[in-house]
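Visitor: Structure incoming, see below.
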Amino acid sequence: MNKMIACCGINCETCEARLATINDNDQLRKEVSRKWCEMNNTDQITPETINCTGCRADGMKFYFCSHLCEIRKCVTSKGYETCGNCPEKSNCPKVGAVWQYNAEAKNNLM
């Protein structure tokens with residue numbers, strides 16, 4: 001599977017955090033930070049933390065993705081490449097939370 005498809009199915013190739021990183025775009029980092037803080041009901045995601053080259057790709061990872069993401073932890077603990085390999089994916093509340101906001105992510109893994 002394409003290494004730019006995250007464990008949850010999000011396409012890292014088009015992820016704004018990755019785009020901000022590879023283009024060194026501080027304005028986009030600010031926008032992503034604001035948006036992700038709202039989505040996750042937190043103020044802990046600052047523009048300085050928006051540095052990522054992709055969930056499954058070599059290189060930098062956004063701290064949440066590398067250390068806190070329950071989906072990535074689950075996939076790793078089960079020895080899967082992505083949630084697409086998991087027989088429980090259709091009923092999983094963890095990945096379902098992503099898929100409710102990002103239908104493309106689900107399609108990327110089906």
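The values are calculated or read from the model by the stated rules, or taken from the named source; none is laboratory data. Just so it is clear, the structure is predicted and the values come from calculations on it, not from any experiment. For neighbour counting, all protein chains shown are included, and Cβ atoms are generated from backbone atoms with ideal geometry for every residue, glycine included. Remember, those area values only see protein heavy atoms, side chains included, never the ligands or the DNA or RNA. Shrake-Rupley method; radii C 1.70, N 1.55, O 1.52, S 1.80 Å.
Visitor: Take the residues of region 34-76 that are among the aromatic types (Phe, Trp, Tyr) and open to solvent by less than 50 Å² (accessible area, probe 1.4 Å): which is farthest from Asn23 (Cα to Cα)?
Guide: Trp36
Visitor: Restricted to region 77-102, and to residues that are among the charged types (D, E, K, R) and without any contact (Cβ under 8 Å) to a residue 24 or more places away in the chain, which residue is surrounded by the most Cβ atoms within 10 Å (Cβ to Cβ)?
Guide: My answer is Lys89.
Visitor: Quick test of your reading of the structure: Glu16 fulfils all but one of (1) open to solvent by less than 40 Å² (accessible area, probe 1.4 Å); (2) closer than 20 Å to Ala105 by Cα. Name the failing condition by number.
Guide: Among (1) open to solvent by less than 40 Å² (accessible area, probe 1.4 Å); (2) closer than 20 Å to Ala105 by Cα, the lone unmet condition for Glu16 is (1).
Visitor: Kindly indicate which of Asn51, Asn91, Asn102 is more than 14 Å from the chain's Cα centre (by Cα) and among the polar types (S, T, N, Q).
Guide: Of Asn51, Asn91, Asn102, the one residue that is more than 14 Å from the chain's Cα centre (by Cα) and among the polar types (S, T, N, Q) is Asn91.
Visitor: Of the residues Glu104, Glu88, Glu31, which single one is acidic (Asp, Glu), modelled with pLDDT of 90 or more and farther than 18 Å from Gly9 by Cα?
Guide: That would be Glu31, the only listed residue that is acidic (Asp, Glu), modelled with pLDDT of 90 or more and farther than 18 Å from Gly9 by Cα.
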